[in-house]
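A.B. asks: Before we start, here is the structure in question, set down as structure tokens.
The values are calculated or read from the model by the stated rules, or taken from the named source; none is laboratory data. From a predicted model like this one, the values you see are computed outputs, not experimental measurements. When we count neighbours, we look across all protein chains shown, and the Cβ atoms used for this are built from the backbone with ideal geometry, even at glycine.
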């Protein structure tokens, strides 16, 4: 189902006209309101008046996570704080998170786009939406929540965890639409099996999964185990949150980007040059309607390609292929973004920890596990077990407090972590995605 | 009064213990006493040898993490109640045993018990007062 038929099936010409008007207006706004953007544009020799066609977008400098870090927390907001009704945050590459803000209108737009996403998956008024995305600073929970309400569906705001109770609620409330990370969907299937609950006896018909990369194999597995259709949703807090793009139930081949609000580009991550249509590269977004925190040519570091082929659903928006990888070393562990540099930061703050460590990611059953291997130097070593175990526990707690994820610390013998020439291999990802 | 003990960090992998003893054998070092404490992921091997410094060096040269700790060796008669007497004296003074291990002397009817206390100096004083004989390091290394 198409929620906003007029906008979602605009002709390419009308869409591009709308995009250009909105782009010009947002460039004017950031140039006048944010000194940092103004300086970057001045340095690049571009003025807002130079943007006369959509292809002029490529004259503008990119925005990166580093720019966000330099302006922590609110430096890139384009409206006064009394217009900002909400903030969210995601992991930064170092200790500080990446902060984003929303005006009342931004929240309204986000709800609309999330409602469109739900509708494209076949959800409607009368559906029971089981929202198991985490509520909090993470955009997943609240983003999906507002969208489901906007659509007129009934939201069950269960958030994450307490899986057995979630399954009980699914049975008792008759949940029809499941929103969570794909790995949590598999976990739900496993716990159902343990509890002797037949997924076929539930009213669930569709799941909309996102916030972490997954494979088509995993998709098939979820569909078979939960007996539902599994669709893909994409978003990132810097651009908005979930609902930047979503797969439609009719086409099931790529995610329609809501191009009336975002302009996507695919670039070569090495050279920064815009790639020819259909080529694989790094996804870059410019938000053209956001008020509090617009981003100009934001480099997502996600790798994908775009397709403009017509789709069975009737939407004219281009589709992005499911994200298959990243240009940086960011890991997504149970939906939480983790940079190896954040773990390194904690490890290096412990006296005696050598700068040799390795992160091992595994998928046990459906859930991701993270282990950090640390070489035991003489400074760390003790002849007492309790001292060494106390050490690993305190590092584990530090990581949990700072990053919100469980990372097992495993002590290993000196010189056992592989030394590489040049760039150290910090991460061994054994998950098959 | 104190005995030097070396401890070695070992991952729980097959062959690691043999690697340690192999290195020591090659260097002509004699092991007097040993104990292995283990967890799921790792173990700590504690050794008393005839040449602590040399053992420490050759193990370090072979990339082991090695520590040196001072422990106490006490001789007790190999009779029922031998150990109980010592522990009774120690606990009355609120001294905590971090770990201990024992071995028998070859030619005598006596056992030697190695103790690691949380308060080594106090333990020595307490044992001395109670008339319990503490062995000299040189004696233990050369048993």
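A.B. asks: So for the stretch B:22-31 (the condition being more than 17 Å from the chain's Cα centre (by Cα), surrounded by 14 or more Cβ atoms within 10 Å (Cβ to Cβ), within 14 Å of chain A (Cβ to nearest Cβ) and in a helix (DSSP H, G or I)), does at least one residue qualify?
C.D. replies: Taking every residue of the stretch B:22-31 in turn, at least one turns out to be more than 17 Å from the chain's Cα centre (by Cα), surrounded by 14 or more Cβ atoms within 10 Å (Cβ to Cβ), within 14 Å of chain A (Cβ to nearest Cβ) and in a helix (DSSP H, G or I).
A.B. asks: Give A:287, A:316 a once-over and let me know the one that is at pLDDT 95 or above, over 30 Å from residue B:61 (Cβ atoms) and surrounded by fewer than 20 Cβ atoms within 10 Å (Cβ to Cβ).
C.D. replies: Exactly one of A:287, A:316 is at pLDDT 95 or above, over 30 Å from residue B:61 (Cβ atoms) and surrounded by fewer than 20 Cβ atoms within 10 Å (Cβ to Cβ), namely A:316.
A.B. asks: Which one of the conditions (1) crowded, with 17+ Cβ neighbours inside 10 Å; (2) within 14 Å of chain A (Cβ to nearest Cβ); (3) closer than 26 Å to residue A:410 by Cα does residue B:58 fail to meet, given that it meets all the rest?
C.D. replies: Every listed condition holds for residue B:58 apart from (2).
For (1) under 17 Å from residue A:375 (Cβ atoms); (2) loosely packed, with under 14 Cβ neighbours inside 10 Å; (3) away from chain A (no Cβ under 14 Å), each residue gets a yes or a no:
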{"residue": "B:34", "(1), (2), (3)": "no, no, no"}
{"residue": "B:40", "(1), (2), (3)": "no, yes, no"}
{"residue": "B:44", "(1), (2), (3)": "yes, no, no"}
{"residue": "B:65", "(1), (2), (3)": "yes, no, no"}
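A.B. asks: Determine which member of the set A:395, A:296, A:399, A:332 is assigned to a strand (DSSP E or B), in contact (Cβ under 8 Å) with a residue 12 or more places away in the chain and either within 14 Å of another protein chain (Cβ to nearest Cβ) or crowded, with 18+ Cβ neighbours inside 10 Å (or both).
C.D. replies: It is A:332.
A.B. asks: Follow-up. Suppose the filter is within 14 Å of the chain's Cα centre (by Cα), at pLDDT 90 or above and over 16 Å from residue A:252 (Cα atoms); does residue A:326 pass it?
C.D. replies: no
A.B. asks: Also, I was wondering about something else. How many of the residues in the stretch A:308-343 are farther than 18 Å from residue A:281 by Cα and in contact with a strand residue (DSSP E or B) (Cβ under 7 Å, 6 or more places away or on another chain)?
C.D. replies: 10
A.B. asks: Right, next: Being more than 10 Å from chain B (Cβ to nearest Cβ) and in a loop (DSSP other than H, G, I, E, B) is the filter here, so list the residues in the stretch A:353-378 that pass it.
C.D. replies: Scanning the stretch A:353-378 gives A:353, A:354, A:355, A:356, A:365, A:366.
A.B. asks: Which members of the stretch B:7-18 meet the condition of being within 10 Å of chain A (Cβ to nearest Cβ) and not in a loop (DSSP other than H, G, I, E, B)?
C.D. replies: Those that are within 10 Å of chain A (Cβ to nearest Cβ) and not in a loop (DSSP other than H, G, I, E, B): B:7, B:8, B:9, B:10, B:11, B:16.
A.B. asks: Quick one: which residue in A:279, A:259, A:265, A:270 is modelled with pLDDT of 95 or more and in a loop (DSSP other than H, G, I, E, B)?
C.D. replies: A:259
A.B. asks: Still on this structure, please answer the following. Regarding the stretch A:341-351, can at least one residue be identified that is under 30 Å from residue B:35 (Cα atoms), at pLDDT below 90 and not assigned by TED's automatic domain parsing to the domain that holds residue A:188?
C.D. replies: yes
A.B. asks: Looking at the structure I just gave you, is residue A:58 under 22 Å from residue A:267 (Cα atoms), modelled with pLDDT of 95 or more and either in the same structural domain as residue A:121 (by TED's automatic domain parsing) or not in a strand (DSSP E or B) (or both)?
C.D. replies: Criteria met by residue A:58.
A.B. asks: Another question, if that's okay. Being within 12 Å of another protein chain (Cβ to nearest Cβ), surrounded by 14 or more Cβ atoms within 10 Å (Cβ to Cβ) and modelled with pLDDT of 90 or more is true for just one of B:86, B:114. Which residue is that?
C.D. replies: Answer to the selection: B:114.
A.B. asks: Given the conditions (1) surrounded by fewer than 17 Cβ atoms within 10 Å (Cβ to Cβ); (2) part of a strand (DSSP E or B), report the number of the one that residue A:194 does not fulfil.
C.D. replies: (2)
A.B. asks: Restricting to the stretch A:176-188, name every residue that is within 15 Å of residue A:206 (Cβ to Cβ) and surrounded by fewer than 24 Cβ atoms within 10 Å (Cβ to Cβ).
C.D. replies: Scanning the stretch A:176-188 gives a single hit, A:176.
Table: residues versus (1) assigned to a loop (DSSP other than H, G, I, E, B); (2) free of Cβ contacts under 8 Å to residues at least 12 places away in the same chain; (3) closer than 30 Å to residue B:101 by Cβ.
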residue: A:342; (1), (2), (3): no, no, no
residue: A:351; (1), (2), (3): yes, no, yes
residue: A:380; (1), (2), (3): yes, no, yes
residue: A:391; (1), (2), (3): no, no, yes
residue: A:405; (1), (2), (3): yes, no, no
residue: A:410; (1), (2), (3): no, no, yes
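A.B. asks: Kindly provide the set of residues from the stretch B:90-111 that are part of a strand (DSSP E or B) and either touching a residue at least 24 places away in the same chain (Cβ under 8 Å) or within 14 Å of chain A (Cβ to nearest Cβ) (or both), ordered by number.
C.D. replies: B:97, B:98, B:99, B:100, B:101, B:103, B:104, B:110, B:111
A.B. asks: On to the next question. Only one of these is touching a residue at least 40 places away in the same chain (Cβ under 8 Å), touching a helix residue (DSSP H, G or I) at 6+ places or on another chain (Cβ under 6 Å) and assigned to a strand (DSSP E or B): A:155, A:129. Name it.
C.D. replies: A:129
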